1. For the stretch 34-58, which residues satisfy the criterion of being basic (Lys, Arg) and at pLDDT 90 or above?
2. Test Lys39 against the stated conditions and say whether it is among the charged types (D, E, K, R), part of a helix (DSSP H, G or I), at negative phi and under 15 Å from the mean Cα position of the chain (by Cα).
3. For the stretch 61-76, enumerate the residues that are among the polar types (S, T, N, Q) and open to solvent by less than 70 Å² (accessible area, probe 1.4 Å).
4. Being under 14 Å from the mean Cα position of the chain (by Cα) and in a helix (DSSP H, G or I) is the filter here, so list the residues in the stretch 42-59 that pass it.
5. Tell me, which residue of the stretch 1-16 that is in contact with a helix residue (DSSP H, G or I) (Cβ under 8 Å, 6 or more places away or on another chain) and more than 17 Å from Trp60 (Cα to Cα) is surrounded by the most Cβ atoms within 10 Å (Cβ to Cβ)?
6. With the requirement that a residue be hydrophobic (A, V, I, L, M, F, W, C), open to solvent by 60 Å² or more (accessible area, probe 1.4 Å) and under 19 Å from Arg74 (Cα atoms), what does the stretch 17-60 give you?
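The values are calculated or read from the model by the stated rules, or taken from the named source; none is laboratory data. The model shown is predicted, which means the values in this text are computed figures rather than measured ones. Because the Cβ atoms are built from the backbone with ideal geometry, glycine has one as well, and the counts that use them run over all protein chains shown. Just so you know, the surface numbers come from the protein's heavy atoms only, side chains and all, with ligands and any DNA or RNA stripped out. Shrake-Rupley method; radii C 1.70, N 1.55, O 1.52, S 1.80 Å.
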Amino acid sequence: MGSCDFSSRLYSYDDVEGDVSLDHFALVEEDILKIRHIKEAQKLNPDIKLFASPWTAPKWMKTNNQFFGQGSLRTE
């Protein structure tokens, strides 16, 4: 969850370097808006099916310090 190919910018829900306890984990404004739209759609069709999938870890959790590319999760 977080930014994806359809986002207008790259972001994660915790972009604070080294925040392994995820104290700064939070939704961003554009996702709060998306949730509002999803709730409206659910009112129109309560049977709507949705799924969420992580796109990438925050940059600081990856060996290449990037959202994309050949980095892997840091182990330390």
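1. Arg36, Lys39, Lys43, Lys49
2. no
3. Our first condition is that a residue be among the polar types (S, T, N, Q); within the stretch 61-76, this holds for 63-66, 70, 72, 75.
Those that are among the polar types (S, T, N, Q) and open to solvent by less than 70 Å² (accessible area, probe 1.4 Å): Asn64, Asn65, Ser72.
4. Selection gives Lys59 alone.
5. The extreme case among them is Ser7.
6. Residues of the stretch 17-60 hydrophobic (A, V, I, L, M, F, W, C): 20, 22, 25-28, 32-33, 35, 38, 41, 44, 48, 50-52, 55, 57, 60.
With the extra rule that they be open to solvent by 60 Å² or more (accessible area, probe 1.4 Å), the set shrinks to 20, 22, 25, 27, 32-33, 35, 38, 44, 48, 50-52, 55.
If the condition is that a residue be hydrophobic (A, V, I, L, M, F, W, C), open to solvent by 60 Å² or more (accessible area, probe 1.4 Å) and under 19 Å from Arg74 (Cα atoms), then Val20, Leu22, Phe25, Trp55 are the ones that fit.
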